[in-house]
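Peer 1: Below are the structure tokens for one structure; questions will follow.
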């Protein structure tokens with residue numbers, strides 16, 4: 001079973017947002033050594049990223065061989081025009097997509113904890129929209145372990161949801177100090193049952209995440225954005241991934257794509273195949289097992305999302 005725990009569904013998206021987000025895809029292409037015309041990439045994104053019904057998501061999953069995807073959206077209360085009403089409309093659409101494809105899609109609400117009504121918004125997302133968790137992007141300017149966040153995490157924890165939160169540096173205007181993995185340390189103390197997936201594992205700043213994940217039972221990390229280095233600097237990727245698994249534990253790493261952003265540059269099926277081929281293709285002195293690959297691509301996520309329990313009850 002292959003599970004993508006990090007997919008940005010975009011029911012609605014304007015050209016300004018596409019242009020901003022495309023910068024990440026262009027940076028990935030540069031690292032991979034792929035020459036892409038920015039205007040053509042933006043045009044492709046405008047044509048393929050908007051997905052109000054989830055049909056494009058399912059089609060891309062089928063093409064890549066992905067069995068289940070966790071979809072999310074991003075809320076930033078500082079964004080002009082992104083009102084509480086607009087973000088809840090997006091969360092509702094995500095919930096409907098997950099309900100439309102219950103065996104293939106799970107939804108995480110996007111809510112900025114700085115919003116005054118953030119706890120009530122999340123409560124509504126659970127009770128009316130059927131979401132299974134929450135997506136944070138603290139680099140927008142808030143502490144994931146701060147008072148505003150804790151009001152929302154109380155609701156998340158009460159509903160047994162999971163938290164997918166961005167970690168790692170990004171280009172400005174991201175306030176990267178809020179995306180440090182170290183800010184997740186207190187969550188294991190104050191919400192010991194809460195399952196937290198650190199998106200990107202802190203990226204190249206992965207060691208602080210690994211140090212925490214090795215000791216915190218419910219802290220995990222995903223491989224979203226790591227495909228840039230997997231394709232652009234394969235030996236480096238293998239060395240880093242081997243160290244991550246050895247430090248944090250094989251059970252702590254899950255597969256993620258950050259799609260549809262990076263699928264625009266490199267087909268996701270290639271990313272999955274690269275991971276599948278690690279036991280045979282890893283550089284001399286670095287070894288991966290088939291069992292580790294199975295765990296990373298889906299086994300670990302199935303356990304985190306309680307899919308094994310669900311399967312046992314059906």
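Peer 1: When the residues of the range 118-141 are narrowed to those that are touching a strand residue (DSSP E or B) at 6+ places or on another chain (Cβ under 6 Å) and under 11 Å from residue 75 (Cα atoms), which ends up surrounded by the fewest Cβ atoms within 10 Å (Cβ to Cβ)?
Peer 2: Checking each candidate, the answer is 137.
Peer 1: Go over the candidates 202, 168, 221 one by one and state the one that is on the phi > 0 side of the Ramachandran plot and not in a helix (DSSP H, G or I).
Peer 2: Result: 168 is the single residue among 202, 168, 221 that is on the phi > 0 side of the Ramachandran plot and not in a helix (DSSP H, G or I).
Peer 1: Separate question: Would a scan of the range 118-134 turn up a residue that is closer than 21 Å to residue 20 by Cβ and touching a helix residue (DSSP H, G or I) at 6+ places or on another chain (Cβ under 7 Å)?
Peer 2: Within the range 118-134, none of the residues are closer than 21 Å to residue 20 by Cβ and touching a helix residue (DSSP H, G or I) at 6+ places or on another chain (Cβ under 7 Å).
Peer 1: Okay, moving on. If only one of 198, 210 is in contact with a strand residue (DSSP E or B) (Cβ under 9 Å, 6 or more places away or on another chain), crowded, with 22+ Cβ neighbours inside 10 Å and either at pLDDT below 95 or farther than 30 Å from residue 58 by Cβ (or both), which one is it? Even if it seems obvious, please write down each step before you answer.
Peer 2: Values: 198 fails: either at pLDDT below 95 or farther than 30 Å from residue 58 by Cβ (or both).
Just one listed residue meets the conditions, 210.
Peer 1: May I pose another question? Please determine, by comparing only the residues of the range 171-188 that are more than 20 Å from residue 304 (Cβ to Cβ) and in contact (Cβ under 8 Å) with a residue 40 or more places away in the chain, which one is surrounded by the fewest Cβ atoms within 10 Å (Cβ to Cβ).
Peer 2: Applying the filter and picking the extreme gives 171.
Peer 1: Show me the helices (runs of 4 or more DSSP H) found entirely inside the range 1-117 where at least 1 residues are buried (at least 16 other Cβ atoms within 10 Å of the Cβ), touching a strand residue (DSSP E or B) at 6+ places or on another chain (Cβ under 8 Å) and modelled with pLDDT of 95 or more. Spell out how you get there, then give the answer.
Peer 2: On the way: elements: 15-32, 38-48, 55-64, 84-100.
Counting at least 1 such residues, we get 55-64, 84-100.
Peer 1: Then there is this: Would you call residue 206 in contact with a helix residue (DSSP H, G or I) (Cβ under 7 Å, 6 or more places away or on another chain), within 25 Å of residue 171 (Cβ to Cβ) and free of Cβ contacts under 8 Å to residues at least 40 places away in the same chain?
Peer 2: Yes.
The values are calculated or read from the model by the stated rules, or taken from the named source; none is laboratory data. Note that this is a predicted model, so its numbers are computed, not measured. FYI the Cβ positions are ideal-geometry reconstructions off the backbone, even for glycines, and counts take in every protein chain you see.
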